[in-house]
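Worksheet: the structure to be examined is printed underneath.
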Amino acid sequence: MPDAYADHLTDDNSEADAVPAADRMLAVYTTLRLGGPAGTVTTAVETDEAVAVVRKATAEGRPFLILAGGSNVVIGDAGFDGEVLVLRNRGVEVVAEGDGEVVVRVAAGEPWDDFVGYAVANGWSGVECLSGIPGSAGATPIQNVGAYGQEVEQTIVAVHAYDRVADEQLVLTPAECGFGYRSSVFKHSDRHLVTAVDFRLATDGLSAPIRYAELARQLGAEAGDRVPVAQARQTVLQLRAGKGMVLDPADRDTWSVGSFFTNPVVPAAFFAELTTTRGGMPHWPGENGTVKIPAAWLIENAGFPKGFAGAGVSISTKHTLALTNRGSGDTAALLDLARTIRDGVRDRFGVELHPEPVLVGVEF
Ligand SMILES: Cc1cc2nc3c(=O)[nH]c(=O)nc-3n(C[C@H](O)[C@H](O)[C@H](O)COP(=O)(O)OP(=O)(O)OC[C@H]3O[C@@H](n4cnc5c(N)ncnc54)[C@H](O)[C@@H]3O)c2cc1C
């Protein structure tokens, strides 16, 4: 791979560069290493170039797919018969500073964790708990990326995007982005090409208040404490690595899209009924009187332990929520495994699991 995401991919995939673009397997671009051929693939390293690709595909009425780090997509074995834009525009620029904060504009194709590392090295805080998440900065608003008590909606102040419908470049406010739990107006829509994102970060060198109990415990801190920002980053990276949630080409537990399912959110009355027959179920309060249940707990308690395998695919041996390609799997097998788990959880608990990644060319 000739690009910034090369370290996401194995040597097994490196020969794909020699393959003519029209025959390229999209597996090369995804962390699952799954996905059939694209119609055409165009890599854009400049924003204008990316916009031109999108504009042309739109004018020609061709199906169109944006890929950046490929860490949140499940692409069918038949591939994608259209234009695939591989986004590699880069750059980090301070656009405002003062009053103990800085606003940083990050090009969409910038590898997310490079930016987090840069922010932490500068003593800027607000994204440190999102350390180690694969993919690009421009994809973080798509599903309001979150982990260890932080979500990008807490720091995003603007999203720069090209709007295919209006054929114009615009700047969306956080309210216009419609952020929710692993969602936004961008997810499951191909209307916008995000070109850059502005983040507002604090500059005092201390992390945002720690909100996540496991992280607080590991830091030896109390919930709400602030710790040196580099310490927060290091601790998050350690926790994530132990769960196979930091990409490592040699570790097939990381050949995944991270969490395959979102945590189900159910009405409080439904949850109350569920726990009369099944006490001790972990849960958190959700929005508007709802209850959020950890999908990992439901999966394990429906009889699917870590390592539970399908054909060339399995649940990660380190994390119940990650479905992985062991090297010989295909997308059909991965989705069979996902359906088996979804159906088992539904039969056992009456709770529906929903996939977190974007599915391309497949039904679930
Ligand atoms: C090991 C592992 C751990 C993970 N941990 C987490 C986690 O803790 N929290 C979390 O939230 N996610 C996590 N993820 C999921 C994933 O890393 C994030 O969702 C990430 O933001 C996806 O970025 P990407 O560049 O790889 O997007 P891609 O997979 O390339 O694209 C994902 C979707 O966004 C669209 N898209 C991408 N870039 C743009 C753009 N510039 N403009 C418009 N649309 C765009 C694509 O068309 C596609 O629909 C994890 C994934 C892995 C493999």
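The values are calculated or read from the model by the stated rules, or taken from the named source; none is laboratory data. For clarity, every value in this text was computed on a predicted model and none was experimentally measured. Because the Cβ atoms are built from the backbone with ideal geometry, glycine has one as well, and the counts that use them run over all protein chains shown. Remember, those area values only see protein heavy atoms, side chains included, never the ligands or the DNA or RNA. Shrake-Rupley method; radii C 1.70, N 1.55, O 1.52, S 1.80 Å.
Calculated on the alpha-carbon coordinates, the convex hull of the range 211-364 measures out at 139 cubic angstrom per residue.
Applying both filters, DSSP loop and at most 15 other Cβ atoms within 10 Å, to the GluC sites (Glu not before Pro) of the range 89-129 eliminates every site. Calculate the tail of P(r) for the range 289-345: the fraction of all Cα-Cα distances greater than 14 Å, expressed in %. Summing the P(r) of the range 289-345 above 14 Å gives 50 percent of all pairs. Rg and Dmax over the alpha-carbon atoms of the range 155-195 stand at 9.9, 29 Å. Counting every alpha-carbon pair across the range 28-108, the share separated by more than 22 Å comes to 38%.
Per residue of the chain, the DSSP helices (runs of n ≥ 4 H) give a summed -39500 (n - 2.57) that works out to -7000 deg cm²/dmol at 222 nm. Assuming charge only on the beta carbon of Lys and Arg (+1) and of Asp and Glu (-1), the dipole of the range 107-235 about its Cα centre is about 280 debye to the nearest 20. Within the accessible area of the chain, the carbon and sulfur atoms contribute 50%, probe 1.4 Å, all protein chains present.
Peptides 155-168, 213-226, 132-145, 308-321, ordered by how many other C-beta atoms sit within 10 Å of their residues on average, highest first, read 132-145, 308-321, 155-168, 213-226.
Report note on the peptides 77-85, 191-199: ranked by the mean count of other C-beta atoms within 10 Å, highest first, their order is 191-199, 77-85. The residues of the range 37-114 expose on average 42 square angstrom of accessible surface per residue, using a 1.4 Å probe on protein heavy atoms.
In the chain, how does Rg compare with the Kirkwood Rh, expressed as the Rg/Rh ratio over alpha carbon atoms?
Across the chain, the Cα-based Rg/Rh ratio is 0.96.
In the full protein context, the range 201-338 carries 45 Å² of accessible surface per residue, based on a 1.4 Å probe and ignoring ligands, DNA and RNA.
Between T277 and Q238, the simple label model (points 7 Å from Cα in the Cβ direction) yields a spacing of 4.3 nm.
Evaluated at q = 0.09, 0.15, 0.18, 0.23 Å⁻¹, a Debye calculation over the C-alpha positions of the range 132-254 (equal weights, vacuum) places log10 I(q)/I(0) at -0.31, -0.79, -1.02, -1.28.
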